[in-house]
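Novice: If you scroll down you'll find the structure; I have some questions about it.
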Amino acid sequence: MTENTQQPNTSTPELPTQYAPAEVEGPLYERWVERGYFTADAKSDKKPYTIVIPPPNVTGSLHLGHAFQHTLMDALTRRKRMQGYEALWLPGMDHAGIATQNKVEQQLAEEGKSRHDLGREAFVDRVWRWKEEYGGRILGQMRRLGDGVDWSRERFTMDEGLSKAVQTIFKRLYDDELIYRAERIINWCPRCLTAISDIEVEYQEDDGELVSIRYGEGEESLVVATTRAETMLGDTAVAVHPEDERYAHLIGKQIKLPLTDRSIPVVADTHVDPEFGTGAVKVTPAHDPNDFAIGQRHDLPSMTVMDERGNITVHGPFLGLDRFEARSAIVGALREQGRIVAEKRPYVHSVGHCSRCSTTVEPRLSMQWWVKVGPLAKAAGDAVRDGRVKIHPADMSKRYFDWVDNMHDWCISRQLWWGHRIPVWYGPDGEVVCVGPDEEPPGGEGWTQDTDVLDTWFSSGLWPFSTLGWPEKTPDLEKFYATDVLLTGHDIIFFWVARMMMFGLYAMDGVAPFHTIALTGLVRDERGKKMSKSFGNVVDPLDWMDAYGSDAVRFTLAKGANPGTDVPIGEDWVQASRNFANKIWNATRFALMNGATVEGELPPAEKLSAADRWILSRLNATVAEVDAFYDDYQFAKLADALYHFAWDEVFDWYVELSKTTFTGGGEQAKVSARVLGEVLDVTLKLLHPVVPFVTEALWTTLTGKESLVVTEWPADSGFRDAAAEAEIANLQQVITEVRRFRADQGLQPGQRVPARLELGGTSLAAHEGAIRQLLRLQPAGEDFSATATLPVAGATVALDLSGTIDVEAERKRLAKALAAAEKDKAQCEAKLGNEAFLAKAAEQAVEKIRGRLVKAEADIERLGAQLAALPGA
RNA sequence: GGGCGCAUAGCUCAGCGGUAGAGCGCCGCUCUUACAAAGCGGAUGUCGGCGGUUCAAAUCCGUCUGUGCCCACCA
């Protein structure tokens, strides 16, 4: 096959009868890259079109979700490239701080070591080595998929340039007082040993135990309810609602805290819901965000009773127990003292887990760095509100607004080693210096850099401009910022999209990083179920690509891509797409065998047959339709439109009709060969962004030209021919009707039947050859005797079925169809007789009903005539 | 607890005010200038229930049921 694509189409190339993607795809991709088709030129005069890839984690490998989004991004950039844009699809990877660090730590654990055994520097070296060796597997897989990315611009969030961008923006935010350091309650993962942000916490319904504990003695006592008994060691108050009469007498008093020698005050706080539980809440400011807030309001001390691993640090019988052991031990001890007044178990409540390792998150009081999100989030919201940035589909913008309008300050420090280290230095006398990218860190005794690194989303939030060279004013930044479309899953609106909006607007003087946010759904299995390892329904797209070709996987995904909705995909569907690719292959093969060509001018309309004019009319309509769908990110619809145009209209009808023309030879055959060449040329171009491989292989063979990748996208010539469309519709009706009759009468498809056609006076006269060929009708001989007469579309087809025909079955069928047509006619007449309808309905609607009536009347006439023509009528 | 979405053919989904659609699956018959991974023909639905608006409702409104997702400081 590959040799053939090299040949000019002077002779008919021999294509195998089946398309073999495995032989075609790899070499084609490498050729595209070698020829630099995907390399964008910042100096070009062409208008830019830019998409930055959502950078996959270095630890990641290609899954169907990537394949899905990549297909769509690839289709968008490929089309724009063909449309003459300087198209840049910029690839790269994310260092994925916590995920990657965990991965390498796991590897170390297998060697019986921890990161602390290596020390920070050696550990980070080790991660880099891991990255070089195992990271970025996905980049190779993207080649298999056919991603037309500009490899010369590949970026990594920890590259020197991107690190500089991180430091630059950190410094700017710090100087603008949008970054600050504060001690707050954060979400702490006792396994990863780091703070995580609110959105990195996943809530699950867990079984717990709600125990009610009596605090204090006698009159001076009350009962609190808790699911986290172990935190009582750190209680510094009990809170009740100020208007709760039950506890009015206790407010301001001290009560004894069980198991300790401390007494704690009872405070009044409106946060307490008197209806819930006993209406009294234990307050542990150091271990619960609400309690922390209460503590602030009432100036309570915070008492930390657990270390970073969740072990109890308070001296006494519970010292050293982990939080869960401590919980049961404490409940046990309280029970012995008779202080447990009620227990409810299981008590289902929502508990936060680390999104990376599923460990139960421990709220923890600690010193962290924060982004003051207010003004940034406001700008991010406004850019969408005032239409500078469009979210597609539009109803997803609600989610975006909900988030940006209610955003809490963002905790950006992580107690990890892998990532961008916070560029802040602390002096021996408590000085704090934020160091900019071109500044020397303060030297001398006692200065140390902050040991934390930044949240991985901090650097990916800069991606749309850091990858283009910012903070330098590079030609790339000049040319390709702002990018055009951000295409990503709706699951990372908060993690990533909102942050890019905030940072982009902030760093780029109010210019949003993209004008359109196209949100996709998630890929699911063929029953619409989420793919997950525990269900065992996860599919490796590479398996399907091996079996059916990348094009098949891509086409299936594109066909399922309804905006913002989840995409179910099953192997059967990939097979169906493979079949489509094979169909294109064979149709082109047929065309080449019959001399289809793109050479020379398209013949003028008067030299074209009705079929030629029809298909060209449909072709141009399809071009317009596909363009409109692309501009609206309607991938499913454009894939569907192309599928049906190509298969139903071109392959099933035009190609079939052209067989008669080719058999006939002569001038008309030449014209048809040129038209078929044209139709395939354009159709392959239209299909190329979605199924780049087959189309490239076939198109280069068909045209002898270099590559589809750098070919001009087709334009709607404006050619339409309603008359030809109507004529071919009639032809199709005759053929379908007679075929149906033949099948109903049990004739073998190949069996030749003598027939007499009366086409006089209709436009069908010109199609007698095609009708006879497609219906296997022989000329009527001397002894012709019509046993079935089928009037259809103003013509009559009389058949001599030397055997008998099943008159009764046919009569029944016709009667049924006739009744349906009559009913429809009656309905239409009723509508058209309805004055209210005529008065209020749109003209178009009325026109539609009129058309329907005409059709119903024609059907009645035809079916009546067929009925009358039945023998014995 | 709040918000959003979805319920249409056996399955997965389009359609979103004017005659119910597609793909796959299913049932027949077939090697016919390419393709059996194909061709031709066929069957299949009270468009979740109940109300309402309208000349007209799968489509708009209300409500119920089922289902999915997101958010939240459910002690």
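Novice: Can you pull out every residue in segment A:660-691 that is over 16 Å from A:THR597 (Cβ atoms) and touching a Lys or Arg at 6+ places or on another chain (Cβ under 8 Å)?
Specialist: Answer for segment A:660-691, where residues must be over 16 Å from A:THR597 (Cβ atoms) and touching a Lys or Arg at 6+ places or on another chain (Cβ under 8 Å): A:HIS688, A:PRO689, A:VAL690, A:VAL691.
Novice: When you scan segment A:27-42, how many residues do you find that are small (Gly, Ala, Ser) and touching a residue at least 24 places away in the same chain (Cβ under 8 Å)? Walk me through it before giving the result.
Specialist: Going through segment A:27-42, the residues small (Gly, Ala, Ser) turn out to be A:36, A:40, A:42.
With the extra rule that they be touching a residue at least 24 places away in the same chain (Cβ under 8 Å), the set shrinks to A:40, A:42.
The total comes to 2.
Novice: Shifting gears a bit: Cβ-Cβ under 7 Å, sequence separation 6+ or interchain: first residue in segment A:726-752 and within 15 Å of A:LEU814 (Cβ to Cβ), partner open to solvent by 60 Å² or more (accessible area, probe 1.4 Å) and among the acidic types (Asp, Glu). Which pairs?
Specialist: Hits for this filter: A:GLN745/A:ASP806.
Novice: Select from segment A:272-287 the residues that are near RNA strand B (Cβ under 6 Å from one of its atoms), in a loop (DSSP other than H, G, I, E, B), open to solvent by 10 Å² or more (accessible area, probe 1.4 Å) and not aromatic (Phe, Trp, Tyr) and list them in ascending order.
Specialist: Across segment A:272-287, the qualifying residues are A:ASP273, A:GLY277.
Novice: Please pick out the residue among A:LEU486, A:LEU522, A:LEU468 that is surrounded by fewer than 23 Cβ atoms within 10 Å (Cβ to Cβ) and either over 30 Å from A:TRP585 (Cβ atoms) or more than 13 Å from RNA strand B (Cβ to nearest atom) (or both).
Specialist: Details: A:LEU486 fails: surrounded by fewer than 23 Cβ atoms within 10 Å (Cβ to Cβ); A:LEU468 fails: surrounded by fewer than 23 Cβ atoms within 10 Å (Cβ to Cβ).
None of the other options fit; the residue is A:LEU522.
Novice: So for segment A:838-851 (the condition being closer than 24 Å to A:GLN745 by Cα and either open to solvent by less than 50 Å² (accessible area, probe 1.4 Å) or of a type in the set (Val, Ile, Thr) (or both)), does at least one residue qualify?
Specialist: no
Novice: Anything in segment A:602-629 that is closer than 15 Å to A:VAL682 by Cβ and part of a loop (DSSP other than H, G, I, E, B)? List them, or say none.
Specialist: A:LEU602, the sole residue that qualifies.
Novice: For the list (1) within 15 Å of RNA strand B (Cβ to nearest atom); (2) farther than 18 Å from A:ILE185 by Cα; (3) touching a His at 6+ places or on another chain (Cβ under 9 Å), I need the number of the one condition that A:PRO265 fails.
Specialist: Here A:PRO265 clears every test but (1).
Novice: Now, a different point. Being closer than 29 Å to A:GLU526 by Cα and without any contact (Cβ under 8 Å) to a residue 24 or more places away in the chain is the filter here, so list the residues in segment A:577-613 that pass it.
Specialist: Of all residues in segment A:577-613, those closer than 29 Å to A:GLU526 by Cα come to A:577-586.
Passing the criteria: only A:ASN579.
Novice: Could I ask something else about it? Of all the strands (runs of 3 or more DSSP E) wholly in segment A:380-496, which have at least 3 residues that are of a type in the set (A, V, I, L, M, F, W, C)?
Specialist: On the way: elements: A:390-392, A:424-426, A:432-434, A:485-489.
Once the strands (runs of 3 or more DSSP E) in segment A:380-496 are filtered for at least 3 residues that are of a type in the set (A, V, I, L, M, F, W, C), what remains is A:432-434, A:485-489.
Novice: What's the number of the only condition in (1) touching a residue at least 40 places away in the same chain (Cβ under 8 Å); (2) under 27 Å from A:HIS408 (Cβ atoms); (3) within 47 Å of the chain's Cα centre (by Cα); (4) within 9 Å of RNA strand B (Cβ to nearest atom) that A:LEU210 fails to meet?
Specialist: The number of the failed condition is (2).
Novice: Look at A:GLY600 and say whether it is at pLDDT below 95, open to solvent by 10 Å² or more (accessible area, probe 1.4 Å), under 23 Å from A:GLY704 (Cβ atoms) and within 11 Å of RNA strand B (Cβ to nearest atom).
Specialist: Values: at pLDDT below 95: yes; open to solvent by 10 Å² or more (accessible area, probe 1.4 Å): yes; under 23 Å from A:GLY704 (Cβ atoms): yes; within 11 Å of RNA strand B (Cβ to nearest atom): no.
No, not satisfied.
Novice: Looking at segment A:43-141, what helices (runs of 4 or more DSSP H) fall wholly within it and have at least 1 residues that are in contact (Cβ under 8 Å) with a residue 40 or more places away in the chain and under 18 Å from the mean Cα position of the chain (by Cα)?
Specialist: Numbers: elements: A:64-82, A:97-110, A:115-118, A:120-133.
In segment A:43-141, A:64-82 are the helices (runs of 4 or more DSSP H) which contain 1 or more residues that are in contact (Cβ under 8 Å) with a residue 40 or more places away in the chain and under 18 Å from the mean Cα position of the chain (by Cα).
Novice: Looking at this structure, is A:LEU72 at pLDDT 95 or above, within 16 Å of RNA strand B (Cβ to nearest atom), surrounded by 16 or more Cβ atoms within 10 Å (Cβ to Cβ) and under 26 Å from A:ASP681 (Cα atoms)? If you could, list the steps in order and put the result at the bottom.
Specialist: Values: at pLDDT 95 or above: yes; within 16 Å of RNA strand B (Cβ to nearest atom): yes; surrounded by 16 or more Cβ atoms within 10 Å (Cβ to Cβ): yes; under 26 Å from A:ASP681 (Cα atoms): yes.
Yes; evaluated as a whole, the condition is true for this residue.
Novice: Also, quick follow-up: If you take the residues of segment A:4-29 that are of a type in the set (Asp, Glu) and within 19 Å of A:SER707 (Cα to Cα), which of them is modelled with the lowest pLDDT?
Specialist: Step one: of segment A:4-29, the residues of a type in the set (Asp, Glu) are A:14, A:23, A:25.
Restricting the remaining residues to those that are within 19 Å of A:SER707 (Cα to Cα) gives A:23, A:25.
Working: A:GLU23: 91, A:GLU25: 94.
Per the stated criteria, the residue is A:GLU23.
Novice: Let me ask something else. Within 30 Å of A:ALA394 (Cα to Cα), in contact with a helix residue (DSSP H, G or I) (Cβ under 7 Å, 6 or more places away or on another chain) and among the polar types (S, T, N, Q): does that describe A:THR622? If you could, list the steps in order and put the result at the bottom.
Specialist: Numbers: within 30 Å of A:ALA394 (Cα to Cα): yes; in contact with a helix residue (DSSP H, G or I) (Cβ under 7 Å, 6 or more places away or on another chain): yes; among the polar types (S, T, N, Q): yes.
Judged against the criteria, A:THR622 is a match.
Novice: Looking only at segment A:525-538, which residues are on the phi < 0 side of the Ramachandran plot and either open to solvent by less than 50 Å² (accessible area, probe 1.4 Å) or away from RNA strand B (no atom under 12 Å from the Cβ) (or both)? Even if it seems obvious, please write down each step before you answer.
Specialist: From segment A:525-538, those on the phi < 0 side of the Ramachandran plot are A:525-527, A:529-535, A:537-538; that's our starting set.
Correct list: A:ASP525, A:MET531, A:SER532, A:LYS533, A:SER534, A:ASN537, A:VAL538.
Novice: Search segment A:223-257 for residues being touching a residue at least 60 places away in the same chain (Cβ under 8 Å) and in contact with a helix residue (DSSP H, G or I) (Cβ under 6 Å, 6 or more places away or on another chain), and hand back the single one that is surrounded by the most Cβ atoms within 10 Å (Cβ to Cβ).
Specialist: Among those that are touching a residue at least 60 places away in the same chain (Cβ under 8 Å) and in contact with a helix residue (DSSP H, G or I) (Cβ under 6 Å, 6 or more places away or on another chain), it is A:GLU230.
Novice: Okay, moving on. For segment A:630-743, give me every one of the helices (runs of 4 or more DSSP H) that falls completely inside it and has 3 or more residues that are open to solvent by less than 50 Å² (accessible area, probe 1.4 Å) and more than 10 Å from RNA strand B (Cβ to nearest atom). It would help to see each step written out before you state the result.
Specialist: On the way: elements: A:635-644, A:655-664, A:666-687, A:692-703.
Passing ranges, in order: A:635-644, A:666-687, A:692-703.
Novice: Moving to a separate point now. Against the conditions (1) open to solvent by less than 20 Å² (accessible area, probe 1.4 Å); (2) within 12 Å of RNA strand B (Cβ to nearest atom); (3) touching a residue at least 60 places away in the same chain (Cβ under 8 Å); (4) more than 17 Å from the chain's Cα centre (by Cα), where does A:VAL574 fall short? Just the number, please.
Specialist: The one condition A:VAL574 does not meet is (3).
Novice: Just one of A:ARG327, A:ARG385, A:ARG323, A:ARG364 is open to solvent by 40 Å² or more (accessible area, probe 1.4 Å), under 26 Å from A:ASP198 (Cα atoms), touching a helix residue (DSSP H, G or I) at 6+ places or on another chain (Cβ under 6 Å) and not acidic (Asp, Glu); which is it?
Specialist: Details: A:ARG385 fails: touching a helix residue (DSSP H, G or I) at 6+ places or on another chain (Cβ under 6 Å); A:ARG323 fails: open to solvent by 40 Å² or more (accessible area, probe 1.4 Å); A:ARG364 fails: touching a helix residue (DSSP H, G or I) at 6+ places or on another chain (Cβ under 6 Å).
Unique residue meeting the criteria: A:ARG327.
Novice: Here's something else I'd like to know. List pairs: first in segment A:839-855 and more than 9 Å from RNA strand B (Cβ to nearest atom), second among the charged types (D, E, K, R), Cβ under 9 Å, 6+ apart or cross-chain?
Specialist: Matching pairs, first to second residue: A:LEU853/A:ASP824; A:LEU853/A:LYS825; A:LEU853/A:GLU829; A:LEU853/A:LYS831.
Novice: List the number of the failed condition for A:ALA581; all other conditions in (1) more than 22 Å from A:ASP74 (Cα to Cα); (2) open to solvent by less than 50 Å² (accessible area, probe 1.4 Å); (3) at pLDDT 95 or above; (4) not β-branched (Val, Ile, Thr) hold.
Specialist: Failing condition for A:ALA581: (1).
Novice: Considering only segment A:213-222, state which residues are open to solvent by 20 Å² or more (accessible area, probe 1.4 Å) and either near RNA strand B (Cβ under 8 Å from one of its atoms) or closer than 19 Å to A:HIS241 by Cα (or both). Spell out the reasoning first.
Specialist: Of the residues in segment A:213-222, the ones open to solvent by 20 Å² or more (accessible area, probe 1.4 Å) are A:214, A:217-220.
Answer for segment A:213-222, where residues must be open to solvent by 20 Å² or more (accessible area, probe 1.4 Å) and either near RNA strand B (Cβ under 8 Å from one of its atoms) or closer than 19 Å to A:HIS241 by Cα (or both): A:ARG214, A:GLU219, A:GLU220.
The values are calculated or read from the model by the stated rules, or taken from the named source; none is laboratory data. These figures come from a predicted structure and were not determined experimentally. Quick reminder, even Gly has a Cβ in these numbers, built from the backbone with ideal geometry, and neighbours come from all protein chains shown. Accessible surface areas use protein heavy atoms only, side chains included; no ligands, DNA or RNA. Shrake-Rupley method; radii C 1.70, N 1.55, O 1.52, S 1.80 Å.
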